[in-house]
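The values are calculated or read from the model by the stated rules, or taken from the named source; none is laboratory data. Being a predicted model, the structure only gives us computed values, none of them experimental. All Cβ positions, glycine included, derive from the backbone under ideal geometry; neighbour counts span all protein chains shown. For the accessible areas, the whole protein counts, side chains as well, though only heavy atoms, and no ligand, DNA or RNA atoms are used. Shrake-Rupley method; radii C 1.70, N 1.55, O 1.52, S 1.80 Å.
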Amino acid sequence: EANRKNYPRAIEYYEKSIDVVPKSSIPIVLAIKKTFYARFLCYYDAIKYEDKIDSLYTASHQLFLKNGYDDTRKNDYATLVNFIGIFHLDLGRLDSAKHYFDNALAINLELFGENNSATLDNLNNLAVIKLKREKYVEARKGFKDIWRRANEAGIVPSTAIVYYHNYASTFNKLGDYASAEIKFDSLTSYREKYLQNDLVRLNNARKELAEASIGNEKYEKAEEVLRSIIKDHQKSMPDDGEQDIRAYIELARIRKLVGDESAALTIKAENRNRILKRLSAESEVYTLNEGI
């Protein structure tokens with residue numbers, strides 16, 4: 001149901017799954033189910049479900065610690081710790097995120113060594129913290145190394161492509177839009193061909209391609225990319241999420257850049273109604289829209 005974008009139905013099944021587990025005599029099974037339910041909610045809308053996610057992760061962590069876990073479950077525990085780190089990262093709690101990523105990395109290094117996908121995921125998440133702290137050159141070096149190691153280890157591209165995405169992002173952050181555009185052209189083409197069902201990440205790549213195109217003053221190309229975001233988002237999840245709303249904000253900015261103030265104001269007004277219907281005047285995206 002989650003893959004079909006039927007998110008309320010997916011949540012309903014997650015809840016039922018958790019309800020039946022306590023009848024079992026395996027507490028770690030319940031811990032794992034809570035872990036993946038929390039991760040789904042974090043991926044879906046971390047802010048909206050913050051309290052629920054925190055409760056699920058806390059309960060899962062306590063179940064692991066209270067009941068213990070042998071070597072066959074150590075990987076599951078590392079997965080939980082890594083997911084908790086992602087939750088803190090999504091909410092901007094960088095010190096807490098680093099604490100959990102470091103713990104997960106230590107376990108995965110012990111279990112799998114340096115070039116396993118679980119270990120590389122931990123290293124990727126630690127590099128993301130550097131990106132968030134605006135240490136772009138350090139982050140770029142880390143992402144490039146992780147991408148290289150993933151290729152040398154034979155990790156499937158559909159798994160490793162996130163490392164390349166993060167590497168490409170550092171070029172936008174450093175204002176090297178020419179290099180960023182080349183890299184995101186390749187990335188979006190790859191995602192459209194092989195991973196088109198992962199619409200959120202595809203649109204994230206398109207957003208960065210549009211950013212690079214704007215930086216290179218290729219406004220027509222940027223508008224085309226942004227309208228692809230809007231089209232696919234509204235086809236897949238109408239009246240939900242923010243990716244189409246943010247794309248409209250960028251369209252309005254482009255109109256201002258080319259001197260078409262009237263069109264920019266029209267897009268802004270239409271988007272204001274869209275935001276108020278879906279979110280609220282207190283949302284970050286409303287502030288961005290009004291700043292155009």
Given the conditions (1) open to solvent by less than 60 Å² (accessible area, probe 1.4 Å); (2) modelled with pLDDT under 95; (3) within 20 Å of Lys33 (Cβ to Cβ), every one holds for Arg73 apart from (1)
Taking the criterion of being crowded, with 17+ Cβ neighbours inside 10 Å and not in a helix (DSSP H, G or I), would at least one residue in the stretch 158-166 satisfy it? no
Counting only residues in the stretch 38-58 that are acidic (Asp, Glu) and more than 15 Å from Pro8 (Cα to Cα), the one least open to solvent (accessible area, probe 1.4 Å) is identified as Glu50
Among helices (runs of 4 or more DSSP H) entirely inside the stretch 240-292, those with 2 or more residues being of a type in the set (Lys, Arg) and over 22 Å from the mean Cα position of the chain (by Cα) are 243-257, 261-278
Practice problem: Evaluate the following for Gly154: is it crowded, with 20+ Cβ neighbours inside 10 Å, free of Cβ contacts under 8 Å to residues at least 40 places away in the same chain and not hydrophobic (A, V, I, L, M, F, W, C)? | Solution: no
So, first residue farther than 15 Å from Thr58 by Cβ in the stretch 85-100, second residue open to solvent by 80 Å² or more (accessible area, probe 1.4 Å) and in a helix (DSSP H, G or I), Cβ within less than 8 Å, six or more apart or across chains; the pairs are Leu89/Lys132; Gly92/Lys132; Leu94/Lys132
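Residues checked against (1) open to solvent by 60 Å² or more (accessible area, probe 1.4 Å); (2) at pLDDT below 90; (3) among the polar types (S, T, N, Q); (4) closer than 27 Å to Phe40 by Cα:
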position: Ser179; (1), (2), (3), (4): no, no, yes, no
position: Leu195; (1), (2), (3), (4): no, yes, no, yes
position: Lys221; (1), (2), (3), (4): no, no, no, no
position: Glu224; (1), (2), (3), (4): yes, no, no, no
One residue is enough: does the stretch 106-115 have a residue meeting the conditions under 24 Å from Asp198 (Cβ atoms), open to solvent by 60 Å² or more (accessible area, probe 1.4 Å) and acidic (Asp, Glu)? no
Cβ pairs under 6 Å, 6+ apart or interchain, first in the stretch 200-221 and touching a residue at least 12 places away in the same chain (Cβ under 8 Å) and β-branched (Val, Ile, Thr), second in a helix (DSSP H, G or I) and open to solvent by less than 10 Å² (accessible area, probe 1.4 Å), ordered by first then second residue, are Ile214/Ala222
Taking the stretch 83-98 and the residues there that are open to solvent by 20 Å² or more (accessible area, probe 1.4 Å), under 21 Å from Lys34 (Cα atoms) and not aliphatic (A, V, I, L, M), the one that is farthest from the chain's Cα centre (by Cα) would be Ser96
The helices (runs of 4 or more DSSP H) lying wholly within the stretch 1-117 that contain at least 3 residues that are aliphatic (A, V, I, L, M) and more than 25 Å from Val128 (Cβ to Cβ) are 7-20, 27-45, 50-67
Across (1) within 15 Å of the chain's Cα centre (by Cα); (2) outside any helix (DSSP H, G or I); (3) not small (Gly, Ala, Ser), Glu134 clears everything bar (1)
